[in-house]
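Each remark here refers to the structure printed beneath this line.
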Protein chains: 2
Amino acid sequence: MSDTRADPVRTPRITVKDLARQLGMSVSTVSRAFYDDAVIAPETREKVLRHAAEIGYQPNPLARGLITKSSRIVGLVVSDITNPFYPEVMTRLTERLQAADFNVMLVVVSPARSEEEQVRVLLSYHPDVVVMLATTLSSAAATACRKVGTPVVFFNRSGSDEHSYAVTCDNERGGRLIADYLIDRGHRRIGFVAGRPDASTNVDRWRGFHARCLERDIPEPIASEGTTFSYEAGYAAARRLLAGPDRPTALFCANDILAIGAMDAARREAGLAVPEDVSIMGFDDIGMASWPSHALTTVRQPIDLMIDRTTVLALALARNEPCEPGVQRLPGRLVERNTTRSLP
Amino acid sequence: MSDTRADPVRTPRITVKDLARQLGMSVSTVSRAFYDDAVIAPETREKVLRHAAEIGYQPNPLARGLITKSSRIVGLVVSDITNPFYPEVMTRLTERLQAADFNVMLVVVSPARSEEEQVRVLLSYHPDVVVMLATTLSSAAATACRKVGTPVVFFNRSGSDEHSYAVTCDNERGGRLIADYLIDRGHRRIGFVAGRPDASTNVDRWRGFHARCLERDIPEPIASEGTTFSYEAGYAAARRLLAGPDRPTALFCANDILAIGAMDAARREAGLAVPEDVSIMGFDDIGMASWPSHALTTVRQPIDLMIDRTTVLALALARNEPCEPGVQRLPGRLVERNTTRSLP
DNA sequence: CTGAAAGCGCTTACAG
DNA sequence: CTGAAAGCGCTTACAG
């Protein structure tokens, strides 16, 4: 603290008082000009706004927030950034929120410190709402939010408790889609490359896939032991899955990044051609999936719609409008590329 | 505004006053407990701190900032998020800043609106410092910051004006490293796959590379017309460069993501084997570069060091400590993998 | 060492 | 329609 004022070169900020003085008005009047629904003469408002624009004044949202109890901050909590799916979501969501005149405060949950502790400092800024971008986050963070009455919406994570908000892809349905696709093409021995075992995306995709396999009288699919959603994990799991003599003819990977690792393992470790010797499917449809070298058959998450829903929900909650809790499950669609084929 | 209080379910926040009342002290005393260098009896401080922890009180940094003129917010401005290099930097930087008790306010500059406008709303929160993660950002944003006296540090971008702060890889030296490496291995006809022409990374890498080629009496390298740093751009550029009859024996790509696109083009469009028919090099050493399917020879940016320097610099500036302006150019190192070979 | 008071930059009843 | 005053949650000289 002591050094905060060590070198007072900071330009002193323009305040309402300055404006009021320069315009010969009271601060109240000046303040009112910035609120559409305030009672103020149109010419007065215009005068204020014009002058403000000229000298580059804008009300300090921090001071404003003290009174209105609204910070216009939305907290964005992320953790698993290795999945290329997230940076894209993060930036697009941020753009949308910014366009609605909210600012995003980012917290990256590092395993080094407790989730709750890290969210606590975010909470001290009184965000109007926080959105969790996280398959991976436990509910500790959400609980901390709820304790201070801050609404939270989960992106890409279901299974949070009853009265919270979530928007996800319909992962279970996606899993079924994949089972049908593979089975329709004659596959019987199918392997599953798992991601994080406790992630709802992993659980739901597997559940749908597994259920559909049983419904269609396919032998129990063999699942790898899940660890993380990473290239390396996909590589390692596929190597094991494809090592035995009775290897699967197809692999469903819990997400694209796993699938890309799995493809490399199939080619380099097991010496198999994709899709000639083994079919491989992912989930998400990240940008890389469509690169010619991967050309991955996968299920595309309805990302535009998901972001849209999340934005609308977050904005409504930030404004304290009543919203119906629950998880919105949006349907994905299967996109066929070159990593799968029909068995003769 | 009107709807802000529509549904007053928000838990009322605990304030200093509550603490003071509950402890039978004045607010001044309570406040002092949170400052290490304030004069206050040790037992009093402990009593306050203990009680605060119990009931989950922490001072509101917004109100605090009004007085101290320090928001403990650092602005993080990003734009080109398609390059996987950035998400990594972004999250690691954020973690470091959080660990130092600063919070990150993220602004994603979208091409839809003006840079200055988008930074303006960040500035209204009075960040103590802003760091620009951007090869791509113009100086408009930086100018806006300077106008209100907010210090800015550029990450991965040099060539900002004289009295600003920047930390980058020594890109020019990296370009020379690559020229030497290729020339030492017998390459004479070398192509350059350019990224964004106005990005300092692109310019500096090319400059060093080009200069070194001339110094060593290699024929003028042929450069593609740069557009963006993307897989697609690398793909398109390499296809053109490798199409002619007198094609280059090696390609230096301005970054890894371009290089990966270039490799795919070489293989699929030109029918060339890498490195047998053409050697390919990138720059950055993003995670993907080391995947077995790419195994890209590249120059690794000293990312740990860069992040460290940026953190230290940003923190110092946030505290208004005097810092020496200028750009810190940190040496990268060449990492050899499987996309290059010696010419016989 | 502690407390009463002023003030940070705003907004918002309350009078006029 | 406008202004004077109170107050949001804090910090910090200033007395004591």
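The values are calculated or read from the model by the stated rules, or taken from the named source; none is laboratory data. Computed from a predicted model, the values in this text were never measured in an experiment. Methodologically, a virtual Cβ is constructed for each residue, glycine included, from the backbone with ideal geometry; neighbour enumeration extends over all protein chains shown.
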message: Contact list please: Cβ distance under 6 Å, first residue in the stretch A:34-45 and within 18 Å of residue A:101 (Cβ to Cβ) and among the acidic types (Asp, Glu), second residue within 9 Å of DNA strand C (Cβ to nearest atom) and outside any loop (DSSP other than H, G, I, E, B), pairs at least six apart or on different chains.
response: A:37/B:2
- prompt: Only one of B:99, B:179 is modelled with pLDDT of 90 or more, of a type in the set (Gly, Ala, Ser) and under 16 Å from residue B:312 (Cα atoms); which?
  reply: B:99
message: I'd like the full set of residues that are surrounded by 11 or more Cβ atoms within 10 Å (Cβ to Cβ) and within 14 Å of another protein chain (Cβ to nearest Cβ), limited to the stretch A:24-54.
response: A:31, A:32, A:33, A:34, A:35, A:38, A:40, A:52
- request: With the condition kept exactly as written, say whether any residue in the stretch B:40-61 is within 30 Å of the chain's Cα centre (by Cα), more than 10 Å from DNA strand C (Cβ to nearest atom) and closer than 19 Å to residue A:75 by Cα.
  value: yes
message: If I filter the stretch B:74-87 down to residues being touching a residue at least 40 places away in the same chain (Cβ under 8 Å) and facing another protein chain (nearest Cβ under 8 Å), which single residue comes out as nearest to DNA strand C (Cβ to nearest atom)?
response: B:76
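What about residue A:325, is it farther than 22 Å from residue A:208 by Cα, within 14 Å of chain B (Cβ to nearest Cβ) and surrounded by fewer than 16 Cβ atoms within 10 Å (Cβ to Cβ)? Walk me through it before giving the result.
Working: farther than 22 Å from residue A:208 by Cα: yes; within 14 Å of chain B (Cβ to nearest Cβ): yes; surrounded by fewer than 16 Cβ atoms within 10 Å (Cβ to Cβ): yes.
Yes: the conditions hold for residue A:325.
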statement: When the stretch A:242-266 is checked residue by residue, the ones that are under 14 Å from residue A:182 (Cβ atoms) and not in a helix (DSSP H, G or I) are A:248, A:249, A:250, A:251, A:252, A:253
Flag for residue B:195 being within 18 Å of the chain's Cα centre (by Cα), touching a residue at least 24 places away in the same chain (Cβ under 8 Å) and not assigned by TED's automatic domain parsing to the domain that holds residue B:121: yes
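Report yes if residue B:94 is in the same structural domain as residue B:156 (by TED's automatic domain parsing) and either within 30 Å of residue B:310 (Cβ to Cβ) or touching a residue at least 12 places away in the same chain (Cβ under 8 Å) (or both), otherwise no. Before you say what the answer is, go through the steps one by one.
Numbers: in the same structural domain as residue B:156 (by TED's automatic domain parsing): yes; either within 30 Å of residue B:310 (Cβ to Cβ) or touching a residue at least 12 places away in the same chain (Cβ under 8 Å) (or both): yes.
When the stated conditions are applied, residue B:94 passes them.
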Selected residue (criterion: surrounded by the fewest Cβ atoms within 10 Å (Cβ to Cβ)) from residues of the stretch A:266-305 that are closer than 17 Å to residue B:292 by Cβ and among the basic types (Lys, Arg): A:268
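Taking the options B:238, B:314, name whichever one is in the same structural domain as residue B:135 (by TED's automatic domain parsing), outside any loop (DSSP other than H, G, I, E, B) and touching a strand residue (DSSP E or B) at 6+ places or on another chain (Cβ under 9 Å).
B:314
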task: Determine whether the stretch B:91-112 contains at least one residue that is within 16 Å of DNA strand C (Cβ to nearest atom) and more than 9 Å from chain A (Cβ to nearest Cβ).
output: no
- request: Answer with yes or no whether residue A:186 is in contact with a Leu (Cβ under 7 Å, 6 or more places away or on another chain), touching a residue at least 40 places away in the same chain (Cβ under 8 Å), over 30 Å from residue A:152 (Cα atoms) and surrounded by 24 or more Cβ atoms within 10 Å (Cβ to Cβ).
  value: no
